[in-house]
Amino acid sequence: EKTRSRVRGSTFKAGKIVLVCGTLIAPLLAEIAAEFGRLTGLEVEVIPVVNEFFGPTVTVSGLLTGRDVIAALQGRDLGDVVFLPRAMFNANGEVTLDDMTLLEIRARLGTKVEIAGAMGEVLDLLCQGIGIRFCK
């Protein structure tokens, strides 16, 4: 609710964002993303990533690897910025389970990639922290 009221108080430029997640949370995140898109006017796409590293029965975002994310995203329209789940990185937010850094993932995808643990963090980054200011 706090994020909803913050969104309603902002004006957004047109753009597209991508939210990456494990397959378990994808249906719920898609509902949240749809509402976020309606409130902001942004195009919001949720891309669930199948875990090839541990196997497709492992469905949580916290066990995704950088290589699986890259494989799922390559060749797709990634819009203006991709948000990866905070849970797929170690406690310091520096590396994935397969030892990839955020910088490596950005370089491999050739686009802006950020880490967020909640929609409130996505909103913060869109409005302040990522260099592309979506909030007016």
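The values are calculated or read from the model by the stated rules, or taken from the named source; none is laboratory data. Keep in mind that what you see is a predicted model, and the values were worked out from it rather than measured. So basically every Cβ, Gly included, is an ideal-geometry build from the backbone, and we count neighbours across all protein chains shown. Only protein heavy atoms, including side chains, enter the accessible area calculation; ligands, DNA and RNA are left aside. Shrake-Rupley method; radii C 1.70, N 1.55, O 1.52, S 1.80 Å.
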Quantify, in whole percent, the carbon and sulfur part of the accessible surface of segment 3-136 (1.4 Å probe; protein heavy atoms only). 53 percent
Please work out whether the chain counts as rounded, prolate or oblate from its C-alpha gyration tensor, where a ≥ b ≥ c are the square roots of the eigenvalues and a/c under 1.5 means rounded, while otherwise a/b larger than b/c means prolate and anything else oblate? prolate
Neighbourhood net charge (12 Å Cβ-Cβ; Lys/Arg +1, Asp/Glu -1) for residue 122: -1
Once you sort the root eigenvalues of the Cα gyration tensor of segment 45-93 as a ≥ b ≥ c, which label holds: rounded (a/c under 1.5), prolate (a/b larger than b/c) or oblate (the other case)? oblate
Among the GluC sites (Glu not before Pro) in segment 1-45, which ones are in a DSSP loop with at most 14 other Cβ atoms within 10 Å of the Cβ? Mind listing them? 1
Total charge dipole magnitude, segment 34-136, about the Cα centre, Cβ charges on Lys, Arg, Asp, Glu only, Debye to nearest 20: 240 debye
With Cβ to Cβ distances under 13 Å as the rule, what net charge do the other residues near residue 65 carry (K, R +1; D, E -1)? -3
With the 8 Å Cα cutoff and a minimum separation of six or more residues, the chain has a relative contact order in percent of 26 percent
Considering only 3, 17, 51, whose Cα is most displaced toward the positive end of the charge dipole of the chain, charges sitting on Cβ of Lys, Arg (+1) and Asp, Glu (-1)? 3
Axial C-alpha extent at least 15 Å, average Kyte-Doolittle at least 1.0 - helices from the chain (DSSP): none
Percent antiparallel among DSSP beta bridges (both partners in the chain, rounded to 5): 20 percent
Calculate how large, on average over all directions, the projected area of the Cα convex hull of segment 90-132 is; give the answer in nm² to one decimal. 3.5 nm²
When the chain is fully extended, how far beyond the present Cα-Cα distance does residue 5 get from residue 47, taking 0.36 nm per residue of separation? 12.6 nm
How large is Rg/Rh for segment 1-66, to two decimals, with Cα atoms and a Kirkwood Rh? 1.08
